[in-house]
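A short worksheet on the structure shown next.
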Amino acid sequence: MELTTIAKPYANAVFKIAEQSNTLAQWRVVLEVGASIANDVTMSLFVASPNITKNDKLKALNAVFASVLDRKLNKQESVFVSLLLDNGRINALPSILGLFDEMSNLSSDAKTFHVISAYELSETEKKNIVESLSDKFKTTVSIDTKIDTNLVGGVVVKEGDKVIDLSIKARVDALGSQLSVAY
């Protein structure tokens, strides 16, 4: 059976939960981390190993999620990961993420912003960015993050052709331009 076919009911369920609780961005980050885990060769071998109990696998997965997310999985997220593990579907997480993103983009009022920062953002920082963008654009917002160490500090937020550049690099460049014009 194709992974997309397997992933569809999981993606639908997660999307409904996320939409009802207004946690699309939070779930997207969890699915993104899960997809990374599923794509990691070492983790895939660990999860597939018959010599390790499901309980030990679940503890390890929860620890990896907690480490990457800077927080423990909430009850729904933990149950979701446990369900995937019990059904042998951890490898479907990249497909679940893809389908979730498609559903998020089809949702008429949802917007996905690309946030580029100089360093890895904490969950609190991501949450604050999502809240600020949601307030500013009066819509459901999800973000995906990328690191660009050339920014020095701050963030650049992109959505379509809109760019909000709050980076230190942009401020230094602007100051440099002003100084070169003045002299």
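The values are calculated or read from the model by the stated rules, or taken from the named source; none is laboratory data. For clarity, every value in this text was computed on a predicted model and none was experimentally measured. Note: ideal-geometry Cβ built from the backbone for every residue, glycine included; neighbour counts use all protein chains shown.
Considering only residues that are of a type in the set (S, T, N, Q) and without any contact (Cβ under 8 Å) to a residue 40 or more places away in the chain, which ones fall in the range 22-51?
Residues satisfying the conditions are T23, S36, T42, S49, N51.
Being assigned by TED's automatic domain parsing to the domain that holds G34 and either part of a helix (DSSP H, G or I) or crowded, with 17+ Cβ neighbours inside 10 Å (or both) is the requirement here; does L73 meet it?
Yes.
Would you mention how many residues in the range 141-183 are assigned to a strand (DSSP E or B), surrounded by 14 or more Cβ atoms within 10 Å (Cβ to Cβ), in contact (Cβ under 8 Å) with a residue 12 or more places away in the chain and not hydroxyl-bearing (S, T, Y)?
Summing the residues that are assigned to a strand (DSSP E or B), surrounded by 14 or more Cβ atoms within 10 Å (Cβ to Cβ), in contact (Cβ under 8 Å) with a residue 12 or more places away in the chain and not hydroxyl-bearing (S, T, Y) in the range 141-183 gives 8.
Any idea which of (1) without any contact (Cβ under 8 Å) to a residue 60 or more places away in the chain; (2) part of a helix (DSSP H, G or I); (3) surrounded by 12 or more Cβ atoms within 10 Å (Cβ to Cβ) is the one E19 doesn't satisfy?
Condition (1) is where E19 drops out.
Among the residues of the range 25-51, count how many are surrounded by fewer than 14 Cβ atoms within 10 Å (Cβ to Cβ) and either more than 20 Å from the chain's Cα centre (by Cα) or assigned to a helix (DSSP H, G or I) (or both).
Step one: list which residues in the range 25-51 are surrounded by fewer than 14 Cβ atoms within 10 Å (Cβ to Cβ), which gives 39-42, 45, 48-51.
Checking which are either more than 20 Å from the chain's Cα centre (by Cα) or assigned to a helix (DSSP H, G or I) (or both) leaves us with 39, 41-42, 45, 48-51.
Residues in the range 25-51 being surrounded by fewer than 14 Cβ atoms within 10 Å (Cβ to Cβ) and either more than 20 Å from the chain's Cα centre (by Cα) or assigned to a helix (DSSP H, G or I) (or both): 8 in total.
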